[in-house]
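Here is the structure we will look at.
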Amino acid sequence: MELSPEEYGAYWRASLHVSAGIVIVYLGYQVASPLLAYSNVGAVGIGIFLFVALVVAGCFIAMLGVARTVRTAVDAEMRG
């Protein structure tokens, strides 16, 4: 599979999306874990909300990268 410069750039952008998604999920864990250690219901609720929101956002960004990778690979195979 030979890639054009645009397709090569698309692969790099896709890999950046995947790595950014992973970093966001990790940071969500780091931010929410101290809040989950409290016995206060409000702090635990905020911690759960932050964790879920950041995990959803991170997974969404990572899946955008995976979808772009698959689309670029399919386009390159169909062209060649």
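Quick notes
- Counting Lys and Arg as +1 and Asp and Glu as -1 over every other residue whose Cβ lies under 13 Å from the Cβ of ALA73, the net charge comes to -1.
- Mean Cβ count within 10 Å, highest first, over the residues of peptides 31-41, 67-77: 67-77, 31-41
- GNM top mover of ALA43, ALA62, ALA20 - the chain, alpha-carbon springs below 10 Å: ALA43
- Net charge in the neighbourhood of ILE61 (other residues with Cβ under 13 Å of its Cβ; Lys, Arg +1, Asp, Glu -1) is +2.
- Percent of alpha-carbon pairs separated by more than 16 Å within the chain: 58 percent
The numbers here are math on the coordinates, done by the rules we state, and not lab data. Computed from a predicted model, the values in this text were never measured in an experiment. We place every Cβ from the backbone using ideal geometry, glycine too, and count neighbours over all the protein chains shown.
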